[in-house]
Each structure stands twice: as structure tokens, then as C-alpha cells.
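Take a look at the structure set out below.
The values are calculated or read from the model by the stated rules, or taken from the named source; none is laboratory data. These numbers were taken from a predicted model, which means no experiment stands behind them. For neighbour counting, all protein chains shown are included, and Cβ atoms are generated from backbone atoms with ideal geometry for every residue, glycine included. These area figures cover heavy atoms from the full protein model, side chains too; ligands, DNA and RNA do not enter into them. Shrake-Rupley method; radii C 1.70, N 1.55, O 1.52, S 1.80 Å.
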Amino acid sequence: MADSRRLSSIFSHKLDRAAFTAYFLGAVVPLVALVVVVERFVLPALTDRLERLGLVGAVTSIAVLSLASFLTLRRTTSRSLATMERDNRRLGSLLQVSASLSRAEHAGMAALSASVCALELAGARAAFAIARGEPGQPPHLLEAAGQDAAKLHEALREPIAELAKLVMSEGRPVVQGPTRAPGDPSRAFAAAAAPLPGDAAPLGALVVVRHEPAEPFEAHELDALATLAGLAAVSLHNAELKDAQRNFFTHVTDILVHALDAHLNYHSGHGQRVAQYANRLGRELGLDDHRLQRLHFAALLHDIGMLKLDRNQQMNPRTCARHTVLGFRMLDRIRLWKEIAPVVHHHHEWWDGSGYPDGLSGEAIPLEARIVAVADALDSITSETSYKSARSIDEAVHELRSGAGTQFDPSVVSAFDRLFAAGEIETTRAA
């Protein structure tokens, strides 16, 4: 209502003011000059009364037509401005949701973002992201948004499913006019739906519903919904690819960890335990979810370079030191593991710069590598291997504290101390 009042004011917008200025200079000023000329020079020369009335009528008609033209122009301008503002708001919403959809890691996140945006774009009461069912199965709800969306979906489950199937089969947006709700003839609803396009067939549909009042959806609202559905479909497809990548990443990592355990028959389960300690240290140090995930997989694969060394070389300090570079080369070539390659490369660097392979010191060593260094040392001290006995956790604590500032990052050791004091660090000795 405030927008309509603002647009109805003659000086509410720059374009309105420009139109009024043009009207005033191009019509009002010449008309006033014409009236002055007629009054001073023409009317006195006319002796016939009818001629005078005719001239006055002609001038008056010109003035009325000019004013009517201006009001018509202004009304058209106001409507155009209202349409432009509405379209700009929708474009802004689409740009905003596009950025949100591009960040969606899972199909549920993409579906929810699309449903929320559909409420605003279509002025709906509720919005539903519907997924195509498996062969022989009906469509099913992915996500919903809006006031009482769950109740509306329950009440309109069949009409929503039928509308979703219709748009998926026809491959185009569809508007459903006001219709009585099944089981409750006193309630009417209006709906619109757009397919979520896929490679071979639509992935599903985006459905919006209005009720109380059940005003029908307009063409421009349907166009906006179709555009949003296209963006959502791309996001859903990308989320599926990301999920497949995560699944592949996790399972291949698990295969490599087990292969490494078989290769390092003197230190079974080392990678899993280092990952467990590193995860707790990372959380204590405030790492975000993305960095925690990177830290977890880097810890699991920190000794992956050992696979490149023969078993008779693993106990030789000179050849064993090569495993960090070999591991880096193995992982850096693979896009999914490229982020964790520097952690594997530098997990044997020392805080004072006397480590290997590059002699980095202090903050120049990646934080994740500094965390893995502490976790690696903790497990090496407290786990039994084929060539040494396990030592106590108290001995490990003493050694880590002694190495703070030389071998280890003092802040990581402090984080370990806090976790140990709180009873959150437990060691599992392996034979």
C-alpha cells in the first residue's frame, strides 16, 4: 500500500517529475501564452459573440486534451515503474537465491533454499520441492517452506502430487485456478508448478499454493517460478555430484588406509587413531567444518607415502624421511586430495625449523600439519609396535610439553593440555 501511495504522488519519482516538467514547458507555458495573445489581440478584434465563444471553446479543449494526455502518460509511467520495481525485486531475489543454491552441499539444502525463495517470488502461502519418485513410485516431498506448510501438504497431498506429475509429464509450468480442497469444500486453493529440468526427464517440480484468499497466479509469477526451478535443478544436480564425490572420497580413503595398515604391519590402526586425536584438537582450536574435514582426511593419510617405500626401507631414517614428499606427490595430482597434500607434506616440520622436508618454522607450517604432528607423536608414544613397547599417557604428556616451542606448536600443545585435563583425550593402545 505504501508503494502504491508513493507511486500515485505526482512528484514521487524522478521520471514523474521529468514528465511533469516536460508537460509544463511543452504544453502549459505555450497554452498560457496562447491565452494571453487571444485575450489581448484576437478577442477584441472579434465582434461576433459566437465567434468569441468558439475561440474560447477551442482554447479550452486544447487545455483539457493536453491535461488528459499528461494524466494518461503519467498513469502509464506509474504502471511501468511499478512493473519495473516488481521485476527488480524478483531479479534481486533470484540473484540472492542463486548464490545460496551454488553453495548448497546437499539436495535438502538446495530444495529448502528454492522453496523459501518461491514464497517471495510467487507471493504464495506455501512452497514445496517435489522429487520424482523411483519407477512405479509416486513423487515425494523433498522440502517445504511457508506458514503451516506441513499441514497444507497433508491436506493437499493428492492435488500437489497430481500437479507435480502433470508438470513433469508436460515439461512446462502449469497454473491451477481456485479449486475446492479435498475433504473440505469450504476451503479453496490456487496452485502453480514448474518442472525441475533434468537431462533425460525432470528431476521433480516446484509447487506453490495460495489459499484464504485463493487468488490465481499471474503469468509473470509463473515465469519467475520457472526461472527459479531451473536454478534449483542445476543446484540439485550439483549437490548429487558433490555427494557422489564425498562418497568416492571417503571409500577410496578407507581403502588406502587399510592398504597402508597392511603395508605397515608394525603399526596397525595408526592413521585412524591420529585422525581421532587430530579431530579433537582441531575442534578445540576452533577450526570450521571445512577445515575439520580436511584435517580428518589428512590425518588418515599422513603416512600414505610409506606405500612407495619397500618394507625393508621403512625403518631406515634416511629413506623413511622421504615418505612426506612421496605422499605429497601422490595426493597433489588428485583434485579431491589436493587440499590435504600440503598437510601430508609438512607434518614432520618442527616449530623451530629443524624438521623436514623443507625446514619450515612457526606459522609458516600449515596449522593442520602442526595438529597432525602432535596427534602423530601422541599415538606413536602410547601405541605398541613390533619394535617398541607402548609408553604411558603421562610420559606422552611430559614429552609433548617438553617439545612445545621446539618440535611442536605451543598453542596446539596447550589445546592438548586442556583436552587432557577435561578427560577428553583417551589413548587406545595397539599391539
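Over segment 86-148, calculate the relative contact order: mean separation of alpha carbon pairs under 8 Å at least 6 apart, over the residue count, as a percent.
Relative CO of segment 86-148 lands at 28 percent.
So what's the net charge close to Arg322: Lys and Arg +1, Asp and Glu -1, counting the other residues with Cβ under 11 Å from its Cβ?
+3
From Cα coordinates alone, what are the radius of gyration and Dmax values for segment 86-150 in angstrom?
13.0, 42
Place the peptides 145-157, 237-249, 105-117 in order of packing, highest mean first, counting for every residue the other Cβ atoms within 10 Å and averaging per peptide.
Ranked by mean Cβ neighbours within 10 Å, highest first: 105-117, 145-157, 237-249.
Amide H to amide H under 5 Å from Arg187: which residues, 5+ apart in sequence or cross-chain, H placed 1.01 Å off N in plane?
Those qualifying (amide H under 5 Å, at least 5 residues apart or on another chain) are Ala181.
Based on the mean of other beta carbon atoms within 10 Å per residue, what is the order of 204-215, 251-262, most packed first?
Ranked from most to least packed, the peptides come out as 204-215, 251-262.
How much area per residue is accessible in the chain when the probe is 1.4 Å and only protein heavy atoms are counted (Å²)?
The answer is 53 Å² per residue.
Out of the total accessible area of segment 264-390 (probe 1.4 Å, heavy atoms of protein only), what percent is carbon and sulfur?
Carbon and sulfur: 47 percent of the exposed surface of segment 264-390.
For segment 129-136, what does the Karplus curve 6.51 cos²θ - 1.76 cosθ + 1.60, with θ = phi - 60°, yield as ³J(HN,Hα) per residue in whole Hz, taken in order and with x for Gly and Pro?
9, 10, 9, 4, x, 5, x, x
With an 8 Å Cα cut-off and a minimum separation of 6 or more residues, compute the relative contact order for the chain in percent.
Over the chain, the number comes to 9 percent.
Net charge near Trp351, counting Lys/Arg +1 and Asp/Glu -1 over other residues with Cβ under 12 Å of its Cβ?
Within the 12 Å Cβ shell, the charges total -3.
If the chain between Ala259 and Ser402 were fully stretched, how many nm would it gain, using 0.36 nm times the residue separation less the Cα-Cα distance?
Gain in length upon complete extension: 48.1 nm.
For segment 201-218, just list the computed ³J(HN,Hα) in residue order, Karplus coefficients 6.51, -1.76 and 1.60, θ = phi - 60°, integers in Hz, with x standing in for Gly and Pro.
Listing the rounded values in order: 8, x, 6, x, 8, 10, 10, 10, 9, 10, 7, 6, x, 8, 6, x, 7, 8 Hz.
Express the Stokes-Einstein translational diffusion coefficient of segment 205-313 in µm² s⁻¹, to the nearest whole number, given a Kirkwood radius over alpha-carbon pairs, 10 °C and a viscosity of 1.306 mPa s.
88
Please report the antiparallel percentage of the DSSP beta bridges confined to the chain, to the nearest 5.
Antiparallel: roughly 95 percent of the beta bridges in the chain.
At 10 °C and a viscosity of 1.306 mPa s, what translational diffusion coefficient does Stokes-Einstein give for segment 134-268, taking Rh as the Kirkwood radius over Cα pairs? Give it in µm²/s as a whole number.
My calculation gives 91 µm²/s for D.
What's the long-distance tail for segment 321-385, i.e. % of Cα pairs beyond 16 Å?
Result for the distance tail: 47 percent.
Over segment 275-322, what is the relative contact order in percent, taking alpha-carbon pairs closer than 8 angstrom and at least six residues apart?
The normalised contact order for segment 275-322 reaches 32 percent.
Run lengths n ≥ 4 of DSSP H only: what is the helix-derived mean residue ellipticity at 222 nm for the chain, with -39500 (n - 2.57) per run over all residues, to the nearest 500?
Using -39500 (n - 2.57) per qualifying helix, the result is -19000 deg cm²/dmol.
Please give the peptides 72-78, 54-60, 195-201, 337-343 ranked by average Cβ packing (other Cβ atoms within 10 Å per residue), highest first, as a rough proxy for protection.
337-343, 195-201, 72-78, 54-60
Subtract the Cα-Cα distance of Ser411 and Tyr356 from 0.36 nm times their separation in residues, and report this length gain in nm to one decimal.
Going from the current span to full extension adds 17.8 nm.
Over all alpha-carbon pairs of the chain, lay out the pair-distance distribution in 10 Å bins, whole %, shortest bin first.
With 10 Å bins starting at 0, P(r) equals 4, 15, 16, 11, 12, 14, 11, 6, 4, 3, 2, 1, 0, 0.
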